[in-house]
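These notes are about the structure you will find just below.
We did not get these values from a lab; they are worked out from the coordinates using the rules stated. On a predicted model such as this, the values are computed, not experimentally measured, just so you know. Neighbour counts are summed over all protein chains in view; Cβ atoms, including those assigned to glycine, are modelled from backbone coordinates with ideal geometry.
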Amino acid sequence: MKVTRGTVTTALAVLILVAALPSAVRDTLESGRLYLFSREFLEDLPQRFTGPGRFRFVLQPLLAVLLGCRDGLGDLRAGRLPYLSGVLLGGHRRKELLRSGLAAVRNLLAMGIVLDAVAQLLIYRQVHPGAALLLGPILICVPSGLARALTYRVAQLVRRVAD
């Protein structure tokens, strides 16, 4: 088995989530609420945009947009449907498209989870795995998917005008 940077990053993300799980379960049993669906989570959100973790709210989406642009151009060159259209309307190719999309952002997803967990440790002195699983991927998947689709459309228009 070949060990890659992506495999190590993914393993690190999984280890962090597994390590944080016991304290999250204990917190849920003691408080009777799930942090991710609580008022406390909503009140904590503004703290994530200030302090030690704020730079990732710029860096993660920026990297996701750059990778989305690269993948959108790759889709056009390969003659594939635009990514989001293919996922939503692709029928038999949907599974293949989802797999390729996940492969394209796997490392970023893992880094998003790791960075969110680190930011939580710095800000709150504990890790809420549900929040890391929600916020990390949102900062990656949404900008990447939108950039991929938009780049495809713009490149397609430029190609038509050039022809």
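Among the residues making up the stretch 27-52, those that are among the hydrophobic types (A, V, I, L, M, F, W, C) and either more than 28 Å from V105 (Cα to Cα) or surrounded by 12 or more Cβ atoms within 10 Å (Cβ to Cβ) (or both) are L29, L34, L36, F41.
Looking across the stretch 115-139, the residues that are buried (at least 20 other Cβ atoms within 10 Å of the Cβ) and within 19 Å of T50 (Cα to Cα) come down to L115, D116, A117, A119, Q120, V127, H128, A131, A132, L135, G136, L139. Where helices (runs of 4 or more DSSP H) sit wholly within the stretch 32-125, those with at least 2 residues that are over 19 Å from L21 (Cα atoms), touching a residue at least 12 places away in the same chain (Cβ under 8 Å) and in contact with a Phe, Trp or Tyr (Cβ under 7 Å, 6 or more places away or on another chain) occupy 56-78, 94-124. Using beta carbons and a limit of 9 Å, which pairs, at least six apart or on different chains, have the first residue in the stretch 141-163 and surrounded by 14 or more Cβ atoms within 10 Å (Cβ to Cβ) and the second one polar (S, T, N, Q) and assigned to a helix (DSSP H, G or I)? Between residues of the stretch 141-163 that are surrounded by 14 or more Cβ atoms within 10 Å (Cβ to Cβ) and residues that are polar (S, T, N, Q) and assigned to a helix (DSSP H, G or I), the close pairs are P143/Q60; A149/S85; Y152/S85. Tell me which residues, restricted to the stretch 15-26, are under 16 Å from L134 (Cβ atoms) and surrounded by fewer than 15 Cβ atoms within 10 Å (Cβ to Cβ). Across the stretch 15-26, the qualifying residue is only L21.
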